Amino acid sequence: MSVLVFTENWDGKFKKMSFELVSYASKIAEMLNIQTVALSIGDVQEDELKKLGNYAADKIISVNNDKLKNLDNQAYTSVIAQVAEKEGAKVVIIAHNNTGKALAPRLSVKLKAGLGAGVSKLPSSVEPFTIFKKVYSGKAYSNLVIKSDIKILTLAQNSFEFEENVKSPAIESFEPALSDDLFKTTVSNVQKQTGKILLIDAEIVVSGGRGMKSGDNWSPIEELAELLGAATACSRPVSDEGWRPHEEHTGQTGKIIAPNLYIAAGISGAIQHLAGISSSKCIVAINTDKDAPIFEAADYGIIGDTAKVLPDFIQAVKEIK
Amino acid sequence: MKILICLSNVPDTTTKAKFVNDNTAFDTTGVQWIINPWDELALTRAIELKSDAANSIENITVITVGEKDAEPTMRKALAIGADDAVRIDAEPTDAYFVAAQIAEYLKSNPFDLIFNGIESADYNGSAVGGMLAEFLNIPSVSAVSAVNIENGQVKIKRDIDGGTEEVTSELPLVVIAQKGITKEPMIAAMRGIMMARKKPLNVVAPVEVDALTEIVNFELPQPKPPCKMIEPDNVKELVTLLQNEAKVI
Ligand SMILES: Cc1cc2nc3c(=O)[nH]c(=O)nc-3n(C[C@H](O)[C@H](O)[C@H](O)COP(=O)(O)OP(=O)(O)OC[C@H]3O[C@@H](n4cnc5c(N)ncnc54)[C@H](O)[C@@H]3O)c2cc1C
Ligand SMILES: Cc1cc2nc3c(=O)[nH]c(=O)nc-3n(C[C@H](O)[C@H](O)[C@H](O)COP(=O)(O)OP(=O)(O)OC[C@H]3O[C@@H](n4cnc5c(N)ncnc54)[C@H](O)[C@@H]3O)c2cc1C
């Protein structure tokens, strides 16, 4: 029996998220007193695979098959299910990101395993299996019991304090059965942003709202982000106006993020915006209106004009770097 | 081509969450119910696609698993431009239950293109679309930010971490829609509202399915300590606090 964790790779490399997942899985395995098995699909070198052992994976299964070059949800689900069966998985852990949201529900049906989506803590009990999850877009939480024999959890990014616990797991390669009727989609024209810190990976995010007045005023936000090693984001009207690209829109209908630091400049803090950022560890608000709701969500606030505060902010950061 | 929109009936996004019965049930007092924002975008995109005769879309149906009180929201979808609606008459107890009900309906009522939203604004499961596709053993594409039809072929753009991919697929297909699929949700016109009253809203009986999860109770977030205010001419202090107190830079 095992806890199976699916670790995605990006061009053969893992990210911090992958290690969070393995560490999280190993803690659940500890609660159940069973093994942690990590599954990697794709062309990942042994050195990289071994890194999963630093976060207490007992065994690593590597599936490397040309047919799985692109994400086909049905085919990937079948592979994970085959490994889950082989390893007697009692719990399957997947990331709560684009890929995880595409695969976990399919797997839930395939294994008849109840899904706990977007968890950020360990289960409060394993008998009954009780998880804590966000509902109503962060306005509340629920304690949810998963009743099925097998359970699937998707873990929210940057939500779990993971730790090193070095093991030297065996790496096993596995050839799944892949019948042609599993592949019904074709991927073409892959476009990738390069060189930029992705919003979902960023530990610091500098974000601007309508209070910035125009897309032409974004250079202080970009400069501050650059200095802090941060990604840039924005509120919905800002992307609707075309001041900033759509990938930067955060909130209920945009990206949901949980960086260590979120700096909101000229953002009022509408409830739909907060739905995307309220899990941030620390929120800084800069706004001219002392009654703006963003100050209720923020840890630190400055009542002031972004045109003046942001340049001072940049200066002050330069002084400490 | 026939299009189905899976429609979740959710509290307006500005609703404050409150609970009753020892925090075991959502307090619906005074709540405004709306079409889940992504489902509204999917519906809008379907109507746009149908308006181009070259796409030969015969019909747009909306389906909800819910009790009678979901009907006003379903009527809104008819007013916006769906042709008919189906309500599977059951209390939706979890995503697995909901997907199983819709899958059962689809077995005898096939559709070519099935839209789901990326997330329901109430239980935030991001689950029903993928589950539905697996029940039916058909493909699903998630995080979809564009859908077009070219010569009868469905062309999709999906978001991946840090980029996009173009995907084509066999039909039937479950499309799991997010931002970008259309610009703004369509609003019902007066004529649409009048017509909606006459459009069919069929109620079908549910099948026997056991939910796999059960909510024990709800909790409200811990209140946040008050925001520490810093003078606008002393941004240096903010940076010091971020460095030494919050330890985030
Ligand atoms: C179904 C639905 C979904 C939605 N989803 C999202 C979502 O995902 N994300 C999102 O962001 N919004 C979303 N919205 C929109 C949301 O309701 C707000 O309208 C939006 O967040 C406001 O954006 P803003 O804060 O940039 O603009 P505003 O609300 O206009 O706020 C601008 C702020 O800037 C301040 N300001 C002005 N000048 C200055 C200055 N010189 N210096 C400093 N501060 C200044 C003002 O005091 C004000 O507080 C959604 C709405 C609906 C109905
Ligand atoms: C009064 C009431 C009580 C409820 N109690 C519970 C409960 O205790 N536990 C629970 O898990 N759920 C409950 N629900 C159901 C909940 O609203 C969802 O329908 C269901 O749980 C799926 O939620 P999700 O967050 O996984 O949806 P997601 O998977 O996030 O939804 C994604 C998409 O699936 C489709 N979809 C979702 N729900 C439906 C639906 N009902 N009908 C048609 N299409 C749908 C939509 O296209 C949506 O955009 C209740 C609903 C109501 C109205």
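Please treat every number below as a calculation from the coordinates, not as lab data. Not measured: the values here are computed from a predicted model. Cβ: placed from backbone, ideal geometry, glycine included. Neighbour counts: every protein chain shown.
Points to keep in mind about this one:
- Shielding of peptide B:115-126 by partners, expressed as the average count of other chain Cβ atoms within 10 Å per residue Cβ, is 6.
- 0 to 90° range, to nearest 10: angle between helix A:98-110 axis and chain A longest Cα axis: 40 degrees
- The Cβ shell under 14 Å around A:Trp218 holds other residues with a net charge of -3, Lys and Arg each +1, Asp and Glu each -1.
- Helix B:95-108 and the longest principal axis of the Cα set of chain B meet at an angle near 10°.
- Counting only residues at least eight positions apart within a chain, or on another chain, the lysines with an alpha carbon under 16 Å from that of A:Lys16 are A:Lys50, A:Lys51.
- Set of segment B:212-249 residues, backbone N closer than 18 Å to the point 7 Å along the Cα-Cβ line of A:Lys308: B:229-239
- Share of pairwise Cα separations in segment A:2-182, more than 20 Å, in percent: 48 percent
- Karplus-derived HN-Hα couplings along segment A:276-291 (A = 6.51, B = -1.76, C = 1.60, θ = phi - 60°), whole Hz, x at Gly and Pro: x, 10, 5, 7, 4, 6, 9, 10, 10, 10, 10, 7, 6, 9, 5, 8
- Electrostatic tally near B:Phe19: other residues with Cβ closer than 9 Å to its Cβ, Lys and Arg +1, Asp and Glu -1, net -2.
- Annotation for segment A:279-305 versus segment A:106-176: alpha-carbon center distance of 33 Å.
- Once the Cα atoms are used to define both axes, helix A:219-228 deviates from the longest principal axis of chain A by about 50 degrees.
- Highest mobility in the GNM of chain B, judged by mean-square fluctuation with C-alpha springs under 10 Å and restricted to B:Val20, B:Val144, B:Val203, is found for B:Val20.
- Calculated on the alpha-carbon coordinates, the convex hull of chain B measures out at 195 cubic angstrom per residue.
- For the segment B:86-95, counting C-beta atoms of other chains within 10 Å of every residue's C-beta and taking the mean gives 1.
- For the pair segment B:52-131 and segment B:176-236, the centres of their Cα atoms are 15 angstrom apart.
- Over 31 Å apart at the Cα level, from the set A:Lys290/B:Lys18; A:Lys112/B:Lys68; A:Lys101/A:Lys196; A:Lys110/B:Lys179; A:Lys318/B:Lys16, are A:Lys318/B:Lys16.
- Fully extended contour minus Cα-Cα distance, from B:Glu91 to B:Asp210, at 0.36 nm per residue: 41.6 nm
- Gyration tensor analysis over the Cα atoms of the protein assembly as shown returns equivalent ellipsoid semi-axes of 35, 31, 23 Å (largest first, whole Å).
- Fewest neighbouring Cβ atoms within 10 Å first, the residues A:Arg236, B:Arg197 line up as B:Arg197, A:Arg236.
- For A:Ser18, the shell of other residues with beta-carbons less than 11 Å away shows a net charge of +1, using +1 for Lys and Arg and -1 for Asp and Glu.
- If you bin all the Cα-Cα distances of chain A at 10 Å, starting from zero, the percentages per bin are 6, 25, 29, 23, 14, 4, 0.
- Among the trypsin sites (Lys or Arg not before Pro) in segment B:153-189, those placed in a DSSP loop whose Cβ has at most 12 other Cβ atoms within 10 Å are B:Lys183.
- Residue list for segment B:3-18, given a label point 7 angstrom along the Cα-to-Cβ vector of B:Glu58 and an amide N cut-off under 15 Å: B:3-4
- Restriction of the GluC sites (Glu not before Pro) in segment B:1-62 to DSSP coil positions whose beta-carbon has at most 15 other beta-carbons within 10 angstrom yields B:Glu58.
- Considering only beta bridges that DSSP places wholly inside chain B, some 40 percent are antiparallel.
- Residues considered: B:Thr182, B:Thr168, B:Thr44. Largest GNM mean-square fluctuation over chain B, using C-alpha springs under 10 Å, is found at B:Thr168.
- Shielding value for A:182-193 is 6, the average number of Cβ atoms from other chains within 10 Å of each residue's Cβ.
- Rg followed by Dmax, in Å, when segment B:102-218 is reduced to its Cα trace: 16.8, 50
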